[in-house]
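Trainee: Got a structure for you, written out below as structure tokens; questions coming shortly.
Computed from the coordinates by the stated procedures, all read-outs in this text should not be read as laboratory data. These numbers were taken from a predicted model, which means no experiment stands behind them. A quick note on method: Cβ atoms are made from the backbone with ideal geometry, for glycine too, and the neighbour counts reach across all protein chains shown.
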Amino acid sequence: MTAPLASTLPPLERNLPRGRTLGWLAALAVALVGLPLVLPGYQVSIAAQILIFSVLAMSIDVLAGFAGRTPLCHGAIFGASTYVVIYWTTTLGGSLWAGALLGILAATALAALFALLAIRTSGVYFLLLTLALGMIVWGVCLRWTSVTGGENGLRGAGRPAFLADHVSFYYAVLAVVAPVTFAIWRFVHSPFGMTLRGIRDSESRMRALGYNVPLHLFLAFTISGAFAGVAGALYAVFNDFVSPSTVQLSQSVAGLLMAITGGIGTLLGAFVGAACIILLENVVSLFTARWPTVLGLAFILIMIFAPEGIVGRARLALARRR
Amino acid sequence: MGINLFQILNGLTFAALLFIVASGFTLIFGLLRIVNLAHGALYLFGGLVGYSAAQATGSFVLGTLAAMACVALLGVALDQGLLRFVRGVELRQVLLTLGIAFVLNDLGLVIWGGDTYTMPVPDALRGAARIGPLFYPKFRLFVLGLGIVVFAALWLLINRTRLGALIRAGVDDPEIVEAMGINIRRVFLGTFALGAALAGLGGAVGGAFLTLYPGADAEILVFSLAVVIIGGRGSLVGAGVGALLVGLLNAIGQVLFPELAYFVIFGPMALILAFRPLGLFGRTA
Amino acid sequence: MDRRSFLKATALTAAGTFPMPGLVRAQGAPIRIGLLAPLTGVVAAGGREIVDGFSLFWDERGRQVGGSKVELIVEDDASNPDTALQKARRLVEQSKVDMLFGNLLANTGLAVANYVKTNGTPYFIPVIAADDLTQRARIRNVIRAGGYSASQFSRPLADWALKQGYRKVAMIAQDYAFGHEQCGGFAQTFTEGGGKVVGQFWHPLNTSDFSPYLGQVGSLGADVVFAMETGADSTRLLQQYASFGLKEQLPLLGAQNATDQSVIRTMGPECEGVITAAHFAEGADLPATQAFVKTYSGKFGKIPSLYAFSHYVGAMWVAKAIEAIGGKVEDRPLFLDTVLKTDLPDSPLGKPVHFDAYGNPVYDVFIRKVVKNKDGKYWNVPIATYPQVSQFWHYDPETFMKQPPYSRDFQGIKKA
């Protein structure tokens, strides 16, 4: 009934030979490591922000692109981790490392809870249910004033000294994001990931083949939540501040838009998508305050003309040429 | 005891508004399979148009009609101009309407500047009426009545007219209707216009007692989503029951559990959806 | 600080100025001011007025101050603290502004304040009212030029209410720090003066429907109601208060924002007669006030709101300090000290104002009533004045700051 967003994509193993993928990855790695050497300070912080949101977008892609379930609650899961980190490091005065670990655990637990409620649904119902679940998180953060600081949020205690300047923070983020990306990559290409794709393409067939579909979806959702939690913890260090706007619906929408812009089901498209959206926002706001219009138009145009996203498009083009 | 009747009336009148808005949403969702996330934006835009028209003409009724007409046209334009490119792909449609919502809200901000507006109400509906021991705003009672009228009109339309029969058939099996030589596209378009007009009606009426401001769109949208999810796709009775449930939960929840205001609405909704994924009155397609 | 600006800083130190941290302006370069305002999002209308009021002042000055050109860089904070933070970073780190101004919502202001704490950029907040920014959690480079702390004006209002003979108040307020603080100021003064708080209702921001609360307010036996509301919430509360027939039964007092022009300019008779307290009354019969109202109305077609006048006043205040130091804003300690020492005798507020030792202004506070003016528009007219009201009211600052900040759980209510 529901055609996944990425249904038009050929399987990606076929259109990119392994060697070339590795070449691209190496080039990307060099570019990412060299970035702070050529960019001024503020742009480096933007680059760090892009990396953080790439992880959020990848976590969404795990569900949307590989399990065929498009979620609208990952902003809330991401932000829950941010809240836990800031609360732990300021209100409770704990260490950042323990805080980050707790944040990721909290996000994972939250995702597991959401998964229990949501995996029975699919298509737009899944989208709407996860939207509602995210709204609950937002409502709790807004109203549980004694813990969350309500509307005003929580202010952090400042970044640790060794992460204070943009360049060292960027490398710290890169040092986290690179292995996380590798982990997600391995995850979706594992036999487990293959089964997920099977479920995406035909749930009934996988069920008939004896796969435990709900269990697979539950695990995929929970693991994707853990990755969103990693991004949220990084964001806590980046912003040193959290408020209900970090967990609100528009955060989930932004994450999903990044995943879609890059290309659902392409994983690494998340980097392209996050870069496009964040850079676009930065450039557009120099010229006009009409950012919502620009974002809305971007959404409309992508949906009409390039639903497979930038990376997806490029792959299709490559595949066709061969 | 006066306070209890009061809360129940509050819940009922809010439910009536929710029903007006959500019935439009559920019609479009049911027949066209489009989760129109721009429905809230249509509500707000309609309300603002209604406000300006009512200011210009001095008439609440004309303002309301203008709101409905303008939003119905907008709905048709969106359906024909944009949504036609993504027919049949549910998720692309949902996300496309989200983009439309962004643009429409920003447009409203540019035109009306983001101040808070109140739809002017005719003198006859101003002030409070006395019901037994308590005073209650006349306008809210009017909204309650309007909600019932809209429900009755839609029920008759769907259950007693040929168009209604086509809509019902279209909800269940659009291919068969098409195969019977009926231009289902026109039915679809009419339904979209009707659904949008209901959002415009909601905006004009809601704008008179909930006011119109940036962000009103998202609020009403989230409430409408809750109504439709609880009630089930395309079900008029479901929208009615869902609206009553959400309206009453909202009124009573805010009094009894002010800390958990959102939980009181979305908690039950998440549970219903988890155990009845298609809502209370939803049917599989 | 990057290496290049450090070198510049060192070079200038040699030229005889005080050594200071932060970035340095080249000689003769314009003074760059970053203005953060919500141009989109829920409070976009207020954001527009922030920009209007602020630029009006600089335009009148020909965008010059203390011998330097003034360059304004406006950024949209989208009514969202995450965006505000990002834009503040960009203004400071990329546009290299000498100071930041603005923000409307408390959470955006608090986010930016937390950021400038780490780098010392002067940040002026004519609207952000969070008490602790100039009390327990004072940040030296955050100064409330043209602004006020949340509980500052509700105390004289409570005093005035007691003098009218009101003894039992029901309070309805937005459930966040700004609401807790304004209510706390009122509740503390009111109960210490012998009054009683018969009920407090906290509702979430953007409550579209006040009926659940209004239903309870009527039955508490109060003789007066205090409402702390902002923006659209305020419009709805005033309106629903009237439509439930409460306006005839219970007099309504409000915090400053409740009857600000941004709220009442689109309203009808529902707002008439509501009493609030503030440092500005657009209907005050004071020459400086009326001159400003006339200029602003002539240019923008509406009577100025809190957002417009306080940014105008804030700009005027800081400009006077910049002139006093000959434009040397790069000497931050000198600049901040001078601002705090600067008095403003002739602003649109109509009364002279000065800072207390904590970076918060001391004002003559008007008790204001909403009436219709000769053009048929509603505006606030003073009916009483409390001279020289500081954020600490009659308390000793040190003693006062030993009590916890106001919150939902602590309202300073004196047990009878």
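Trainee: Just how many % of Cα pairs in chain C lie over 41 Å apart, if you round to the nearest whole percent?
Mentor: 14 percent
Trainee: If you plug each phi of segment C:377-391 into the Karplus form 6.51 cos²θ - 1.76 cosθ + 1.60 with θ = phi - 60°, what whole-Hz ³J(HN,Hα) values come out, in order, with x for Gly and Pro?
Mentor: Running phi through 6.51 cos²θ - 1.76 cosθ + 1.60 with θ = phi - 60° gives 9, 7, 8, 9, 10, x, 10, 7, 10, 10, x, 6, 8, 9, 5 Hz.
Trainee: Under a point spin-label approximation (7 Å from Cα along Cα-to-Cβ), what is the residue B:62-residue C:95 distance to one decimal in nm?
Mentor: Each label point is offset 7 Å from its Cα along the Cβ direction, giving 4.5 nm.
Trainee: Which whole-angstrom value gives the distance between the alpha carbon centres of segment C:70-142 and segment C:168-230?
Mentor: Value for the Cα centre distance between the two parts: 30 Å.
Trainee: Using Cα pairs closer than 8 Å and at least 6 residues apart in sequence, work out the relative contact order for segment A:39-321, in percent.
Mentor: It rounds to 35 percent for segment A:39-321.
Trainee: Let me ask another. Search the structure for amide H atoms under 5 Å from the amide H of residue C:384, placed 1.01 Å from N in the peptide plane, and list their residues when 5 or more places away or on another chain.
Mentor: Counting only residues 5 or more places away or on other chains, the set is C:367.
Trainee: With the radius of gyration and the Kirkwood radius both derived from the Cα set of segment A:39-321, what is their ratio Rg to Rh?
Mentor: For segment A:39-321, the value is 0.97.
Trainee: Obtain the nm distance between the two label points defined at residue C:163 and residue B:111 by a simple spin-label model: each point lies 7 Å from its Cα along the Cα-to-C-beta direction.
Mentor: For the pair residue C:163/residue B:111, the computed spacing is 4.9 nm.
Trainee: Continuing with this model, one more query. Using the structure shown, select from C:163/C:414; C:341/C:369; C:302/C:369; C:117/C:299 the pairs with a Cα to Cα distance greater than 30 angstrom.
Mentor: C:341/C:369; C:117/C:299
Trainee: With the radius of gyration and the Kirkwood radius both derived from the Cα set of segment C:155-282, what is their ratio Rg to Rh?
Mentor: Ratio of gyration radius to Kirkwood radius for segment C:155-282: 0.92.
Trainee: Under 5 Å between amide hydrogens, which residues at least 5 positions from residue A:265 or on another chain qualify, with H placed 1.01 Å from N in the peptide plane?
Mentor: A:65
Trainee: Running a GNM on chain B with Cα contacts under 10 Å, which residue among B:159, B:36, B:250 ends up with the highest mean-square fluctuation?
Mentor: Comparing B:159, B:36, B:250 in the GNM, the peak value goes to B:159.
Trainee: If you line up the Cα atoms of the protein assembly as shown on their principal axes, what length do they span on each, largest first, in Å?
Mentor: 81, 79, 51
Trainee: Further question: 5 Å is the cut-off here: which amide hydrogens, built 1.01 Å from N in the peptide plane, fall below it relative to residue C:171, excluding neighbours closer than 5 in sequence?
Mentor: Counting only residues 5 or more places away or on other chains, the set is C:199, C:200, C:201, C:226.
Trainee: For chain A, modelled as a Gaussian network with Cα springs under 10 Å, which listed residue fluctuates most, A:77, A:302, A:223?
Mentor: Of the options given, A:302 has the highest mean-square fluctuation.
Trainee: What number do you get for segment A:185-309 when its Cα radius of gyration is normalised by 2.2 N^0.38 Å, N = residues?
Mentor: Ratio of Cα Rg to 2.2 N^0.38 Å: 1.26.
Trainee: Calculate the tail of P(r) for segment B:79-161: the fraction of all Cα-Cα distances greater than 14 Å, expressed in %.
Mentor: 79 percent
Trainee: Mind jotting down a quarter of the surface of the convex hull over the alpha carbons of segment B:127-285, in square nanometres, one decimal?
Mentor: For segment B:127-285, the mean projected area of the Cα convex hull comes to 11.6 nm².
Trainee: Any idea what diffusion coefficient chain B gets from Stokes-Einstein, in µm²/s, Kirkwood Rh on alpha carbon pairs, 20 °C, 1.002 mPa s?
Mentor: It diffuses with D of about 112 µm²/s by this estimate.
Trainee: Next question. Based on a Kirkwood Rh over C-alpha pairs, give the Stokes-Einstein translational diffusion coefficient of segment C:347-412 at 25 °C and viscosity 0.890 mPa s in µm²/s. Present the calculation step by step, with values, prior to reporting the outcome.
Mentor: Numbers: Rh = 14.6 Å.
This corresponds to a translational diffusion coefficient of 168 µm²/s.
Trainee: Oh, and also: D for segment B:1-138, whole µm²/s, Stokes-Einstein with Kirkwood Rh over alpha-carbon pairs at 20 °C and 1.002 mPa s: what number?
Mentor: For these conditions, the coefficient is 125 µm²/s.
Trainee: In whole angstrom, how far apart do the alpha carbon centroids of segment B:229-269 and segment B:1-43 sit?
Mentor: Centre-to-centre distance over Cα atoms comes out at 10 Å.
Trainee: Using r as the Cβ-Cβ distance of residue A:146 and residue A:306, and R0 as 51 Å, what FRET efficiency do you calculate, to the nearest 0.05? Can you show the working numbers first?
Mentor: Working: r = 46 Å, r/R0 = 0.91.
After rounding, the FRET efficiency stands at 0.65.
Trainee: What does the convex hull of the Cα atoms come to per residue for segment A:95-217, in Å³?
Mentor: Output value, Cα hull per residue: 152 Å³.
Trainee: Could you derive backbone 3J(HN,Hα) for segment A:251-267 from the dihedral phi with the Karplus parameters 6.51, -1.76 and 1.60 (θ = phi - 60°), listing whole Hz in sequence and x where the residue is Gly or Pro?
Mentor: 5, 5, 5, 4, x, 5, 4, 4, 4, 5, 4, x, x, 5, x, 9, 6
Trainee: Which residue, A:63, A:267, A:116, tops the fluctuation ranking in a GNM of chain A built on C-alpha contacts under 10 Å?
Mentor: Fluctuation is largest for A:116.
Trainee: At residue A:165 and residue C:381, where each label point lies 7 Å from the Cα along Cα→Cβ, what is the point-to-point distance in nanometres?
Mentor: 6.3 nm
Trainee: Same structure, new question: Rounded to the nearest 500 deg cm²/dmol, what is the calculated helix-only ellipticity per residue at 222 nm for the protein assembly as shown, with -39500 (n - 2.57) per DSSP H run of length n ≥ 4?
Mentor: -19500 deg cm²/dmol
Trainee: What are the DSSP H helices in chain B that stretch 20 Å or more along their long axis, judged by alpha-carbon atoms, and whose average Kyte-Doolittle hydropathy comes to at least 1.6?
Mentor: B:2-32, B:60-81, B:138-160, B:216-231, B:236-256, B:261-275
Trainee: Let me ask something additional. Output the relative contact order of chain B, whole-number percent, from Cα pairs under 8 angstrom with separation of 6+ residues. Let's see the in-between values first.
Mentor: Working: 479 pairs, mean separation 102.3, N = 285.
For chain B, the relative contact order is 36 percent.
Trainee: For segment A:27-149, state the semi-axes of the equivalent ellipsoid (square roots of 5 times the eigenvalues of the alpha-carbon gyration tensor), sorted largest first and rounded to whole angstrom.
Mentor: Those come to 28, 23, 12 Å.
Trainee: Then there is this: Within chain B, which is the longest segment containing none of the trypsin sites (Lys or Arg not before Pro) that sit in a DSSP loop and have at most 15 other Cβ atoms within 10 Å?
Mentor: Longest stretch, sites excluded: B:88-282.
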